[in-house]
Structure formats: C-alpha cells, structure tokens
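So the structure is just underneath, and the comments pick up after that.
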Amino acid sequence: MSQGNNLYPQELTLTFGEVSINLDVPEGVWNPTPHGIHLGNMILDLEFKSDDVLELGSGCGNHTILIAQKKPKKLTVTEINRPILDNTRHNLKKNQIDLPVEYVVADWTHINKGPFDVLITNPPFAKSGKRYYRYFIDTLINDAHKLVKSGGRLIFIQSSMADKNRSISLMNEWGMKVRIVGETKGPFRDYYFEDKLFMENIEKFPGAYEKKGDQFIETLTVFEAVIP
Ligand SMILES: C[S@@+](CC[C@H](N)C(=O)[O-])C[C@H]1O[C@@H](n2cnc3c(N)ncnc32)[C@H](O)[C@@H]1O
C-alpha cells in the first residue's frame, strides 16, 4: 500500500466549522488533503440555494456532502469511473444526505449536460498524471463557457505552485469577473518532493512557494469567477 499516491484506504472524520462529516475512503479513491479541507471551509460561506450545481471529480464526496447541505436546486457530480462515484454515493448516504444527486461518469469537462448555474471542483494538479500539470485547471477555465450559464459561477481551488497569476490571466482573457474567496498556507505534501519534474517546474516562476526555515510552504487559493 503506497501512501505516496494518496489513494490508500482509511476511515476519517473531517470538521468544517461546526459541521463534522464521516468518510469511508477505499483504496483507489483520493484522500482529502489540505486543498479539500480549505475548499470545504470556503463552501460553508458560499450560497447554492436554487442553483443547479455541477461538481467535477467528487472523489469521496467530502465537498458533495457540504454542497448538498446547502440545499441547491439540483446537484450533478462526475468522476472518471463508476467505483469512485459509488464511493461518493456511499458517503452521502452515510452522512444522511437525502437530496437527489445525479452521478455521471465523465472525463473531466466532457460532460454532455448543462449549462449549470455553478461549476465547483478541486482539480487534479500535483497528481494530474499529465506532463503538463495544469491541464485540468486550464481545461476547466477554457471549457467553463460551455458548462456554466452566463452570469453563473466557476469555483475552484488551486495551489500557488500551479501559478495563481496564470489562472487569473486566463480567466480575465475569457472575460470572467474573478474574486478570491479565501486563501490559506500550509507545508508541502511529502509526495511533492518525490516528483522531480514537479519540483523543477515550480522553480520556473516566482511566488510558487515560500520557505520558512527548512519548510516549504504553499498557498491555497479558492477562486470564484462569474462567467460573462
Ligand atoms: C484532487 S481530487 C479531488 C477529490 C475530492 N473532490 C476532494 O477534494 O478530496 C481530483 C478528483 O478528480 C478525479 N479525476 C481525475 N481525473 C479525472 C478525469 N479525467 N475526469 C473526471 N474526474 C477525474 C479523481 O478521481 C479525483 O477524485
């Protein structure tokens, strides 16, 4: 069992503000990381009432549960395969979510549905499996106009190591109105250091990380962009 790929099995309880959720994560499903915790905390402050919401890459359902508790009009979630979606569904049931949820197997933005009022996600980055690590972030921004209605919102989290300014520029080029919902800082995950190419890439632009003594610190940013 490798912990390096962040796909190991565990049972855990996560606390967001006054909300605690219990999750069963089987082998092969992404374990919540500080990204997931930060986006979860930001979801507490966001409104989804009467929105038709799409979540890409629901994983163990950590964010799905928090969004569902906000009573959107409708919630559609996607994953790359059925077993991961079954785990999302399992954890929703475990946390007594009774909102009807549509589960769709889809390869990232290739979902033949919508447009939605809100698209929310924690996109793959460090473990994207792509030579171009930003692939999922860029395609998310570039395809948002197909998936989200005019006036609707794109909400996502990214690390400073994915180049925050590049995301802001790309969203501005698409005419989106961008705001930062919230930022937090934290130490690198151990598996960052195991990926030589990843570590080389983050040296290529300023602001990717800070050093405090021996510690490498990343900043996690949640964006909310309104589609023109
Ligand atoms: C960073 S994890 C986020 C999971 C969960 N939302 C969380 O925050 O813990 C990214 C998720 O995207 C899924 N994913 C990876 N490639 C995908 C693809 N091509 N299409 C859809 N989902 C994908 C992964 O299975 C994973 O659950």
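Overview of values
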read-out: Listed peptides 196-202, 155-161 by packing density, highest first (mean Cβ within 10 Å); value: 155-161, 196-202
read-out: Residues Glu173 and Ser150, FRET efficiency given R0 of 22 Å [Cβ-Cβ distance, rounded to 0.05]; value: 0.85
read-out: By average C-beta atoms within 10 angstrom, highest first, the peptides 119-131, 177-189; value: 119-131, 177-189
read-out: About the Cα centre, charge dipole magnitude for the chain (Lys/Arg +1, Asp/Glu -1 at Cβ), debye; value: 460
read-out: Stretch gain in nm, segment Ser20-Lys185, where the contour uses 0.36 nm per residue and the Cα spacing is subtracted; value: 57.2 nm
read-out: Table column - 3J(HN,Hα) (Hz), the stretch 99-114, Karplus curve with 6.51, -1.76, 1.60, x for Gly and Pro; value: 5, x, 10, 9, 9, 10, 7, 8, 8, 6, 7, 7, 10, 8, 9, x
read-out: Residues of type aspartates and glutamates that Lys113 reaches as a straight line, Cα spacing below 13 Å, ignoring anything fewer than 8 places off in the same chain; value: Asp52, Glu55, Glu102, Asp143
read-out: Förster-model FRET efficiency, 22 Å R0, Met199 and Tyr8, C-beta, rounded to 0.05; value: 0.45
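A short reminder: the numbers here are calculations on the coordinates, not readings from a lab. None of these values were measured; they are calculated from a predicted model. Heads up, the Cβs are rebuilt from the backbone with ideal geometry, glycines too, and the neighbour counts pull from every protein chain shown.
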